[in-house]
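First the structure, in the form of structure tokens, and then the observations on it.
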Amino acid sequence: MTAVTDNSSKAGAGRTVISVDAMGGDRGPSAVVGGLAKSAKKNPDLAFILHGPRAELEPLVARRKHLADRVEIRDAADVVSMEDKPAQVMRNGKGTSMWSALESVRAGEATVCVSCGNTGALMALSVLRLRRLAGIYRPAIAVLWPSRNPQGFNVLLDGGADIRADAKDLMQYALMGTSYARNGLNLEHPRVGLLNVGTEEHKGRAELKEAHDLIAANASQAGFEFVGFVEGRDLPSDVCDVIVTDGFTGNVALKTGEGTASLISEQLRAAFQYSPLSRLASLLAYTSLQRLKKRIDPRRVNGGVFLGLNGTVVKSHGSADATGVAAAIKLAFQLAESGFSDRLAARVASANLPSRYGEGDDDDSDDDAVTKESN
């Protein structure tokens, strides 16, 4: 038997352990196990705790030689489906693979959790089991957006954890996005932009204007540069490294970008198949086209990071194949190696933010807003 089912220390000895929810993705556990195998082949410092029905997972793991002695299987019979409501999962999800995967991070057995499952349920369970960092008002999802910057990507948040965000939420998103850019993209002094309908300071809703002043006032102390308001066209630009917005706007932008990338790929394919001459041109440009394909392939930048929790959670696309899962695991490993969760906690704790809830009220009711708003 390839899997280590009762001895996590053997699988994780001297390695970084990632907790992986094998269930809930559109392609089933075979794609998840395939992603683990790709990751294990490239990185000998990785080990995994894999959560799901043991009878289904053991044969899949046993067929992957690169997973020998690298995987511990945790039996979890139930699965969170894409149709399940977050509130329902919070009440009845204890036997699911998603709950089990988060518990491994909560117990300190693994550093990061990776799941392809239901985003709303994953965020709700993450808040419930891992809890928010002290001082965090709302967690956020950070995603990487291909850009013209030297690092190749910009950080966008919130990508859809919560459709609401007031000025103080947006200020905290700036802090969390800055920490992610430092640890995920190795940017020492990130530039932060606040997404708006124009760059002029008089434009936008009242909370955006308030957030503009709040972020500007904290930029120097927090060690980032605030470039002010940015527009949708700046998402892939080199104007800034971190783009801050509410979850509704961020998720619409994210899905629009994914759809546009897919359309460009289809249009290029059709253009190069139009005539014998265009097919010849595609052969001559094959290397460049392959580079472009990789550059805009959503699978290779797969993984939204849940920020603001006592533990790191990476949300993979539900439709991710083995390549996409491997990309999410690579991101999880990078964050684990950087000590990202502890660094983020220290950055939030050092911020000079006005109290949101009043003296003695820490708003510890994590079960309401995130559960209702996550998508």
key: Candidates His66, His51, filtered to the one that is out of contact with any His (no Cβ under 7 Å at 6 or more places or on another chain), over 25 Å from Phe248 (Cα atoms), in contact (Cβ under 8 Å) with a residue 24 or more places away in the chain and assigned to a helix (DSSP H, G or I)   = His66
task = Of all residues in the stretch 223-241, count the ones that are under 22 Å from the mean Cα position of the chain (by Cα) and small (Gly, Ala, Ser).
result = 2
query = Quick one: would you say Ile73 is in contact with a His (Cβ under 9 Å, 6 or more places away or on another chain) and more than 19 Å from Gly318 (Cα to Cα)?
reply = yes
ask   = If we keep just the residues of the stretch 109-142 that are hydroxyl-bearing (Ser, Thr, Tyr) and either in a helix (DSSP H, G or I) or more than 20 Å from Ser319 (Cα to Cα) (or both), which is modelled with the lowest pLDDT?
value = Tyr137
ask   = Do we have Ser319 as modelled with pLDDT of 80 or more and open to solvent by less than 80 Å² (accessible area, probe 1.4 Å) here?
value = yes
request  = Could you list all residues from the stretch 188-213 that are at pLDDT 90 or above and farther than 24 Å from Val252 by Cβ?
outcome  = His189, Asp213
Which numbered condition Ala332 fails, given (1) at pLDDT 80 or above; (2) over 24 Å from the mean Cα position of the chain (by Cα); (3) surrounded by 15 or more Cβ atoms within 10 Å (Cβ to Cβ) = (2)
ask   = Taking Met82, is it under 21 Å from the mean Cα position of the chain (by Cα), more than 19 Å from Gly311 (Cβ to Cβ) and crowded, with 24+ Cβ neighbours inside 10 Å?
value = no
inquiry  = Six or more apart or on different chains, Cβ atoms under 9 Å: show the pairs whose first residue is in the stretch 19-37 and farther than 23 Å from Asp69 by Cβ and whose second is among the polar types (S, T, N, Q) and assigned to a loop (DSSP other than H, G, I, E, B).
reply    = Gly24/Ser81; Gly24/Asn118; Gly25/Ser316; Gly25/Ser319; Asp26/Ser319; Arg27/Ser319
remark   = All-but-one check, Trp145 against (1) surrounded by fewer than 24 Cβ atoms within 10 Å (Cβ to Cβ); (2) not in a strand (DSSP E or B), failing number (2)
message = Testing Asp162 on (1) acidic (Asp, Glu); (2) open to solvent by less than 30 Å² (accessible area, probe 1.4 Å); (3) assigned to a helix (DSSP H, G or I), one condition comes back false. Which one is that?
response = (3)
query = Given the structure, is Val89 out of contact with any Phe, Trp or Tyr (no Cβ under 9 Å at 6 or more places or on another chain) and among the β-branched types (Val, Ile, Thr)?
reply = no
remark   = Restricted to the stretch 17-71 and to residues being among the acidic types (Asp, Glu) and more than 19 Å from Lys94 (Cα to Cα), the residue least open to solvent (accessible area, probe 1.4 Å) is Glu58
task = Sort out which residues of the stretch 91-111 are under 15 Å from Glu72 (Cβ atoms) and in contact with a Ser or Thr (Cβ under 9 Å, 6 or more places away or on another chain), and write them in order of number.
result = Ser97, Ser100, Ala101, Glu103, Ser104, Val105, Glu109, Ala110, Thr111
query = How many residues are free of Cβ contacts under 8 Å to residues at least 60 places away in the same chain and more than 19 Å from Cys240 (Cβ to Cβ) if we restrict to the stretch 126-180?
reply = 2
remark   = Picked from the stretch 220-236 (must be at negative phi, at pLDDT 90 or above and of a type outside the set (D, E, K, R)), the residue surrounded by the most Cβ atoms within 10 Å (Cβ to Cβ) is Phe224
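The values are calculated or read from the model by the stated rules, or taken from the named source; none is laboratory data. For clarity, every value in this text was computed on a predicted model and none was experimentally measured. Here Cβ is always computed from backbone atoms with ideal geometry, including for glycine, and neighbour counts include all displayed protein chains. Remember, those area values only see protein heavy atoms, side chains included, never the ligands or the DNA or RNA. Shrake-Rupley method; radii C 1.70, N 1.55, O 1.52, S 1.80 Å.
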